[in-house]
Amino acid sequence: MSATTPAQAQENEANGEYGTASLCGADLRIKPVTAWRPSYLRALREADYDTWAAGVLHEDDVQTFIDLDATFEEINAFTSEAMASTGETPGKSGRPSASSKTTRRR
């Protein structure tokens, strides 16, 4: 398993570099989540893993991903690790959340 610290993950994301995650003992390179297209995320949600892999993995790692023929459990663990290694999970906004209290006086 590839261990990436949060600081390394943020640096990878900022530099546009690939993160790494392990699937069935093979380290695969993955684009930062912020570089994913909506269609890749849709493919992941629809369990179209081959399409997702073709969009987000380094081109040299796509066939390895397909050849490994991992289980759903292994793929889910891989995608979680992969997203963590690139710094951010899909749907997570980089902006601070709004306060739950209103600041406007009446």
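The values are calculated or read from the model by the stated rules, or taken from the named source; none is laboratory data. None of the values given here were measured: they were computed from a predicted structure. A quick note on method: Cβ atoms are made from the backbone with ideal geometry, for glycine too, and the neighbour counts reach across all protein chains shown. Surface accessibility is based on the protein's heavy atoms, side chains included, excluding ligands, DNA and RNA. Shrake-Rupley method; radii C 1.70, N 1.55, O 1.52, S 1.80 Å.
Key figures for this structure:
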| item | result |
| --- | --- |
| Verdict on Ala14 being open to solvent by 70 Å² or more (accessible area, probe 1.4 Å), over 14 Å from Thr79 (Cα atoms) and modelled with pLDDT under 90 | yes |
| Segment 16-33, residues that are out of contact with any Pro (no Cβ under 9 Å at 6 or more places or on another chain) and under 14 Å from Asp60 (Cα atoms) | Thr20, Ala26, Asp27, Leu28, Arg29, Ile30, Lys31 |
| Candidate set from segment 69-92 (those that are at pLDDT 90 or above and touching a Leu at 6+ places or on another chain (Cβ under 6 Å)); member that is most open to solvent (accessible area, probe 1.4 Å) | Ala70 |
| Leading residue by the ranking (farthest from Thr86 (Cα to Cα)) among those in segment 23-73 that are free of Cβ contacts under 8 Å to residues at least 40 places away in the same chain, among the aliphatic types (A, V, I, L, M) and not in a helix (DSSP H, G or I) | Ala47 |
| Evaluation of Leu23 against (1) modelled with pLDDT of 95 or more; (2) open to solvent by 30 Å² or more (accessible area, probe 1.4 Å) (one fails), failing number | (2) |
